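Presented below is the structure to which this report refers.
The values are calculated or read from the model by the stated rules, or taken from the named source; none is laboratory data. Predicted model only: the values in this text are computed from it and were never measured. So basically every Cβ, Gly included, is an ideal-geometry build from the backbone, and we count neighbours across all protein chains shown. Side chains are part of the model used for accessible areas, which takes the heavy atoms of the whole protein and leaves out ligands, DNA and RNA. Shrake-Rupley method; radii C 1.70, N 1.55, O 1.52, S 1.80 Å.
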Amino acid sequence: MASTEHTAPRGRMIAPDLIRAVALIGMAIFHLTYDLENFGFLPAGTVFHPAFLDFARTVASTFIFMAGLSLVLAHRGGFRAGPFWRRIGKLAGAATLVSAATYVMMPEYFIYYGILHSIAVSSLIGAALLALPWLVLAALGVLAIWVNLYYAFPAFDHAWLWWIGLSTHWRPSMDFEPVFPWIGPFLIGMSVAKLAERVGYWRRAARYQPTEVTGALKIALFAGRHTLPIYLIHQPVLYGLTWAAYLLTH
């Protein structure tokens, strides 16, 4: 009989999909709050309250952390060029769509380098660093965050360099996650994935088949498997619902 000791367990891992689902809920809360403030249902400045800004940063960090973790999971058996470039293409296309749509709706605050742009570029950087050990990736991630906290250079103030994140000023945007510091949580996510592999967590991780779950858990896991399309459609839906509520109450 053939040994199955090193055969990968079947099914998707529960934990990553659930974490992404929770992050999606957080993002929906942020965008709904923004929409409610925009239509006057909440006091002006609500989304700029320090606690709410911290909440938004936590949600964005979770998405980017999970993108780094997922990059390692997807290629832990060796770099898979086809799936990688297809994903980069989807991210680049979605990021372009977001930029175009927000430019049409609110050109003064359009998203020129948001979370999708950030994940796409971080994925390219992360792919080049896949061979590094977990401790080096963690150190680089922390270093990226530290550099952003303490350094900014006028040489990066040109508009075409804002995306790097080392400028002293930049154009306001509805969503801005430049390379520094946001490559930090991405690299830390890669580090955690590699450390989890080292201690055997992924081999023991609970898994599921889509047909094996029901109820709220099934909805959450479905959302965790389809974060990109849900990200793209949830804000137009929330904005439309808030607009309808405004028309009905005014």
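Looking at Leu73, is it assigned to a helix (DSSP H, G or I) and touching a strand residue (DSSP E or B) at 6+ places or on another chain (Cβ under 9 Å)?
Yes: the conditions hold for Leu73.
Which pairs turn up if I take residues in segment 154-172 that are in contact (Cβ under 8 Å) with a residue 60 or more places away in the chain and under 22 Å from Met106 (Cβ atoms) and look for partners that are assigned to a helix (DSSP H, G or I) and of a type outside the set (Gly, Ala, Ser) with beta carbon separation below 6 Å, at least 6 apart in sequence or on another chain?
Taking only residues 6 or more apart or on different chains, the pairs are Pro172/Tyr109.
Does segment 36-45 contain at least one residue that is in contact (Cβ under 8 Å) with a residue 12 or more places away in the chain, within 27 Å of Ser122 (Cα to Cα) and not aliphatic (A, V, I, L, M)?
no
Could you please find all residues in segment 31-87 being charged (D, E, K, R) and open to solvent by 80 Å² or more (accessible area, probe 1.4 Å)?
Asp54, Arg57, Arg76, Arg80, Arg86, Arg87
Restricting attention to segment 201-228, report how many residues are open to solvent by 30 Å² or more (accessible area, probe 1.4 Å) and either aromatic (Phe, Trp, Tyr) or assigned to a loop (DSSP other than H, G, I, E, B) (or both).
6
Identify, by number, the condition in (1) touching a residue at least 40 places away in the same chain (Cβ under 8 Å); (2) assigned to a helix (DSSP H, G or I) that Val104 doesn't meet.
(1)
Just checking, which of Leu130, Leu149, Leu166 is over 18 Å from Ser70 (Cα atoms) and in a loop (DSSP other than H, G, I, E, B)?
Leu166
Looking only at segment 183-200, decide whether some residue is in a loop (DSSP other than H, G, I, E, B) and open to solvent by less than 50 Å² (accessible area, probe 1.4 Å).
Yes, there is a match, as at least one residue in segment 183-200 is in a loop (DSSP other than H, G, I, E, B) and open to solvent by less than 50 Å² (accessible area, probe 1.4 Å).
Of the conditions (1) at pLDDT below 95; (2) closer than 30 Å to Leu129 by Cβ; (3) not polar (S, T, N, Q), Tyr208 fails just one. Which one is it?
(2)
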